[in-house]
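Asks: The structure follows.
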């Protein structure tokens, strides 16, 4: 399979990110005003990338985030269910520290090989990697040399830590991925993925950088 440059971009800001809530429902909420600005800024931020295909999860916030880039490039957006966020299950909409730490600890534990651990009221690590791997396989099959997939903070970091050759769970857990931050990988599922860039802050620069508690993009006490 031809090597792929895969740019995994986290969605723009939603209100739950500011409030520190574990909002993982589908289809979920709209972007905030800042989130919309972050989405618009991606067009210029990615202007030098030879993007040939665009993807988003089933959550509204990823589709709204990729929409300006889609319009600017004249590319359709393929929606892939596997790109959705790690389901918080019984912890959904919680913002207390024990709940956030349990969510983060469980998810990053999957990247460290604890695949049979189950998120309370939701799925385990095997299910997470199976559906995200399926989404990435679909992206690879599109045959684009460079693809942008708009996904979610915890999902991106956990999948990258579990599937790349040069990033592990400890590295990914310790590094934030704020709204419209991105991780760039090169390679393939068959030959392995190499992380070539970890852009933890908004690709649009300081003017659109998010602030707030943001438990799905913040460093994890894992």
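Asks: Select from the stretch 178-191 the residues that are more than 30 Å from residue 213 (Cα to Cα) and surrounded by 14 or more Cβ atoms within 10 Å (Cβ to Cβ) and list them in ascending order. First the steps, then the outcome.
Replies: Taking the stretch 178-191 as the starting set, the residues that turn out to be more than 30 Å from residue 213 (Cα to Cα) are 186-191.
Those that are more than 30 Å from residue 213 (Cα to Cα) and surrounded by 14 or more Cβ atoms within 10 Å (Cβ to Cβ): 186, 187, 188, 189.
Asks: Can you confirm whether the stretch 140-158 contains a residue that is buried (at least 23 other Cβ atoms within 10 Å of the Cβ) and more than 22 Å from residue 64 (Cβ to Cβ)?
Replies: yes
Asks: State the number of residues belonging to the stretch 110-130 that are surrounded by fewer than 18 Cβ atoms within 10 Å (Cβ to Cβ) and part of a helix (DSSP H, G or I).
Replies: 3
Asks: Something else: List every residue pair whose Cβ atoms sit under 6 Å apart, with the two residues 6 or more apart in sequence or on different chains, where the first one lies in the stretch 76-89 and is without any contact (Cβ under 8 Å) to a residue 24 or more places away in the chain and on the phi < 0 side of the Ramachandran plot and the second, anywhere, is outside any strand (DSSP E or B) and surrounded by 24 or more Cβ atoms within 10 Å (Cβ to Cβ).
Replies: If the second residue must be outside any strand (DSSP E or B) and surrounded by 24 or more Cβ atoms within 10 Å (Cβ to Cβ), the pairs left are 77/66.
Asks: Looking at the stretch 197-212 only, could you name the residues that are over 14 Å from residue 171 (Cβ atoms) and surrounded by fewer than 16 Cβ atoms within 10 Å (Cβ to Cβ)?
Replies: 205, 206, 207, 211
Asks: Has the stretch 66-73 got at least one residue that is under 22 Å from residue 173 (Cα atoms), crowded, with 24+ Cβ neighbours inside 10 Å, within 17 Å of the chain's Cα centre (by Cα) and modelled with pLDDT of 95 or more?
Replies: no
Asks: Also, I was wondering about something else. Condition first: surrounded by fewer than 19 Cβ atoms within 10 Å (Cβ to Cβ) and more than 27 Å from residue 143 (Cα to Cα). Now tell me which residues in the stretch 164-175 satisfy that.
Replies: Result: 168, 170, 171, 174, 175.
The values are calculated or read from the model by the stated rules, or taken from the named source; none is laboratory data. From a predicted model like this one, the values you see are computed outputs, not experimental measurements. Positions of Cβ are generated from backbone atoms using ideal geometry, with glycine treated the same way; all protein chains shown enter the neighbour counts.
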